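Worksheet for the structure shown next.
The values are calculated or read from the model by the stated rules, or taken from the named source; none is laboratory data. Quick caveat: nothing in here was measured; it's all calculated off a predicted structure. Cβ atoms come from the backbone with ideal geometry, glycine included; neighbour counts cover every protein chain shown.
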Amino acid sequence: MRLGNKTAIITGGGTGIGKSTALLFAKEGAKVVITDINEEAGKNTIDEIEQLGGEALFVRHDVSNEEDWIQVVKQTTDRFNKVDVLFNNAGIYLIKPLAEITIDEWNRLMAINVTGVFLGMKHVMPLMAQKGKGSVINASSVAGLAGAPGHLLYGASKGAVRIMSKDAAMEYGAAGVRVNSIHPGYIDTGMLNVVTEATNASKAELGNLFPLENRLGKVEEIANLVLFLASDESSYCTGSEFVADGGFSAQ
Ligand SMILES: NC(=O)c1ccc[n+]([C@@H]2O[C@H](COP(=O)([O-])OP(=O)(O)OC[C@H]3O[C@@H](n4cnc5c(N)ncnc54)[C@H](O)[C@@H]3O)[C@@H](O)[C@H]2O)c1
């Protein structure tokens, strides 16, 4: 059991990468707290984990809301006593020319993708520091490493997550708390509807962008990376960027 005796919070665990990671964490022995704004999806993930014999708790949660974060941490520590792993995964996507982005779109996306990650680290990392150990994994993207047309807002948010992870890693390194960012390429989840609608490209056509086997990534391929970062196997990794993009950013 690679996560035996660990408790993990996964935001946006109702679907996609978050759900796949939650199932893998549970199989590897973690007690998993799944949060999501989508209550039905989050509870479905809990049911699947319980069917596998795992232990999990769902908390309805808007990551951009600080009161909600206080509740998530309280319910986690009431039930499981501690938090060892935080996967700040919840996020939303937008592709739009920069001159057409509205201030409401800007504020909403930044609130979820950036403020959500900040609040998670703010409320969880001090608890980890008290125990002298913890691992935070923040979902960035290849869009947080390089530019692309239509990506000013999303790229700004994921670039912020990249550098916030490094700042937090520097601040908490002495306390034994690790923070890393992950940078997936296109992964086959519901989020890709944003791309197919914006570009009229099929998923197969999008797959051609990626040198490795000309295909999209699978949720399990990201979950495996997050598992490594959550486990003690990555005990000397902090402040680093972990790219899983089928070779896209190597071009
Ligand atoms: N799919 C990709 O190609 C890809 C690539 C790079 C990075 N990412 C990042 O990975 C993360 C997961 O993406 P995914 O592809 O699994 O997307 P997804 O849309 O399948 O899942 C996102 C989950 O977050 C939840 N969520 C949205 N807003 C929320 C909020 N305010 N509070 C709490 N939960 C909220 C949704 O309900 C959903 O369950 C995101 O941060 C995304 O930006 C995805």
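Key figures
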quantity	calculated
Candidates 80, 25 - the one that is buried (at least 19 other Cβ atoms within 10 Å of the Cβ), closer than 23 Å to residue 183 by Cβ and away from the ligand (no atom under 14 Å from the Cβ)	25
Search result, residues across region 94-111 that are among the hydrophobic types (A, V, I, L, M, F, W, C) and part of a helix (DSSP H, G or I)	98, 99, 103, 106, 109, 110, 111
Any hit, region 201-211, residues being buried (at least 18 other Cβ atoms within 10 Å of the Cβ) and under 16 Å from residue 230 (Cα atoms)	no
Qualifying residue in region 8-22 (condition: crowded, with 21+ Cβ neighbours inside 10 Å and away from the ligand (no atom under 15 Å from the Cβ))	yes
Subset of region 93-115 (residues that are of a type in the set (A, V, I, L, M) and in contact (Cβ under 8 Å) with a residue 60 or more places away in the chain)	94, 95
Close pairs from region 43-65: first farther than 30 Å from residue 157 by Cα, partner surrounded by fewer than 14 Cβ atoms within 10 Å (Cβ to Cβ), Cβ under 8 Å, at least 6 apart	none
Of all residues making up region 205-239, the number that are within 16 Å of the ligand (Cβ to nearest atom) and either in contact with a His (Cβ under 9 Å, 6 or more places away or on another chain) or assigned to a helix (DSSP H, G or I) (or both)	14
Search result, residues across region 203-231 that are of a type outside the set (S, T, N, Q) and without any contact (Cβ under 8 Å) to a residue 24 or more places away in the chain	203, 204, 205, 206, 207, 228
Within region 92-124, tally of residues that are more than 13 Å from the ligand (Cβ to nearest atom) and of a type in the set (Val, Ile, Thr)	4
Criterion: outside any helix (DSSP H, G or I), modelled with pLDDT of 95 or more, in contact with a Leu (Cβ under 6 Å, 6 or more places away or on another chain) and not small (Gly, Ala, Ser) - qualifying residue of 59, 63, 83	83
